[in-house]
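For reference, the structure is listed below as structure tokens.
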Amino acid sequence: MEVVYENGIPDKKVKVFRNVYELALERLEKIFKHFDNVYVSFSGGKDSGVLLHLCIDYIRKNCPKRKLGVFHMDYEVQYGETIRYVDEVLASNKDILEVYRVCVPFKVPTCTSMFQKYWRPWDEEKQDCWVRKMPEGVYTKSDFPAFSNRMWDYDFQRSFARWLHIRKKAKRTCCLVGIRTQESLNRWRTLHYVGLHRFKGLKWVRRLDMGIYNAYPIYDWLTTDVWVANGKFHWPYNHLYDLYYRAGVPLEKQRVASPFISEARSSLALYRALDPDMWGRMINRVNGVNFMALYGNTAAVGNRQKVTLPEGYTWAKYMYFLLDTLPADIRRNYMNKLMVSIQFWRERGGCLSEATIEKLRIAGVKMQIGSKSNYKTTKRPVRMEYLDDIDIPEFRELPTYKRICICILKNDHSCKYMGFVPSKKDREMRLWIMEKYHKLIQYE
């Protein structure tokens with residue numbers, strides 16, 4: 001609902017009701033008006049699928065002479081239904097679609113292995129292990145001069161935007177992304193983080209680079225809105241969701257994603273039931289897949305409700321035992337994260353609520369409580385040493401050796417469970433690398 005004024009007169013308010021479909025069309029109108037180069041990031045999932053069909057219908061009705069780019073990152077390992085759906089969509093509407101299906105060996109995070117942080121789809125050195133043949137007519141790493149073996153999949157997305165912007169000689173490029181804030185807090189923050197550069201004050205459009213933007217036209221849709229739209233407009237959809245439904249997977253858990261990331265760990269075993277042919281190939285593709293499918297919801301991989309401490313151990317001692325079982329580079333990664341965390345809690349302190357501080361007082365925890373924080377929060381900074389463990393509901397907010405043990409058991413190489421995000425130094429280094437390769441392209 002929006003409130004507008006009749007003829008600009010403030011005392012005559014008129015309530016205007018718009019549903020999310022109508023709002024999405026208004027947003028697309030603004031995008032196609034202000035951006036000469038527009039493409040959709042299409043994964044084969046329900047959200048990117050409904051966004052793509054929204055754009056196709058909009059173009060056919062309002063600007064039939066325009067072309068729409070479709071960017072699909074093919075991760076090699078995927079459900080057969082998803083592959084069929086992607087093939088069908090990319091083959092249709094050829095008169096208005098410019099398809100960019102990429103099969104590139106960027107780095108993709110994996111939580112299935114203690115011994116490797118990532119795997120590479122379409123890795124030429126492991127071609128004999130590919131789970132399927134590379135599709136015809138795709139873009140490979142030879143098509144992208146800026147590609148580097150150091151690139152993660154999310155780095156490549158930004159690199160692709162620059163590549164396409166230059167290729168199309170565009171004034172403004174916009175990548176349409178089908179994320180919805182209902183899905184997660186991180187997606188909500190993507191829309192509402194105040195430090196982002198916006199386009200014309202629109203919170204659902206953020207700048208990535210000079211002349212390059214991401215837009216989220218369906219950010220306010222609910223899962224039910226997606227399925228209502230598919231039914232009402234008879235849009236084709238990924239029938240993997242039918243299989244999910246028959247397998248009893250709740251609507252909010254039905255996602256299309258790389259099968260080896262932490263978010264997909266608990267559902268990895270579904271491949272055996274829903275796509276046994278693909279399952280038989282993927283267990284030989286990435287280390288630890290079968291183990292994770294068997295034990296993904298148990299203490300063996302750090303389920304906090306089920307993990308127990310071995311007799312005669314403290315959590316600190318158990319952490320060192322676990323670290324001794326790992327390769328040197330993986331062990332260093334966890335130790336570096338731990339040292340950063342210890343220094344942070346000693347020197348700066350974490351922001352805790354008054355209720356949490358009181359629980360720590362009752363538990364007899366030694367701490368130094370500050371008056372205010374540099375962050376925009378009413379919570380107070382608390383400096384303290386690492387605890388072995390503490391049994392309070394705010395466990396994940398506090399520095400304990402049990403948390404690092406859980407990270408190790410989860411194969412959580414980035415330590416998301418401990419609250420780690422890419423550091424400012426990491427982000428600056430990534431941007432520096434991308435800028436370096438961008439300049440190399442310009443000089444060639």
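Only the coordinates and a few stated rules stand behind these numbers; no lab work does. Since the model is a prediction, treat every value here as computed from it, not as a measurement. Neighbour counts run over all protein chains shown; Cβ positions are idealised from the backbone, glycine included.
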Would you mind ranking 41, 92, 142 so that the residue whose beta carbon has the fewest other beta carbons within 10 Å leads the list?
-> 142, 92, 41
Peptides 65-75, 211-221: what's the order by average Cβ count within 10 Å, highest mean first?
-> 211-221, 65-75
The answer for residue 352, listing residues at least 5 apart or on another chain whose modeled amide H is closer than 5 Å to its amide H, is 380, 382
Amide H contacts of residue 78 (H built 1.01 Å from N, under 5 Å, at least 5 apart or other chain) = none
For the range 315-427, just the Cα set please: Rg and Dmax, both in angstrom.
-> 14.6, 43
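Order these by the 10 Å Cβ neighbour count, fewest first: 372, 107.
Starting with the residue having the fewest Cβ neighbours, the order is 372, 107.
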What span do the alpha-carbon atoms of the range 19-233 cover on each of the three principal axes, reported in whole Å from largest to smallest?
-> 49, 37, 36
Computed lengthening from residue 325 to residue 394, 0.36 nm per intervening residue step minus Cα-Cα distance = 21.9 nm
At R0 = 22 Å the Cβ-Cβ FRET efficiency linking residue 152 and residue 184, nearest 0.05, sits at 0.70
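Beyond 20 Å between alpha-carbons counts as too far, so tell me which of 168/203; 126/416; 33/65; 94/141; 168/200 fall in that bin.
Check vs 20 Å cut-off fails for 168/203; 126/416; 94/141; 168/200.
Mind sorting 277, 155, 324 by how few other Cβ atoms lie within 10 Å of their own Cβ, fewest first?
Fewest-to-most Cβ neighbours within 10 Å comes out as 324, 277, 155.
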The range 315-427: relative contact order in percent, alpha carbon pairs under 8 Å with at least 6 residues between = 29
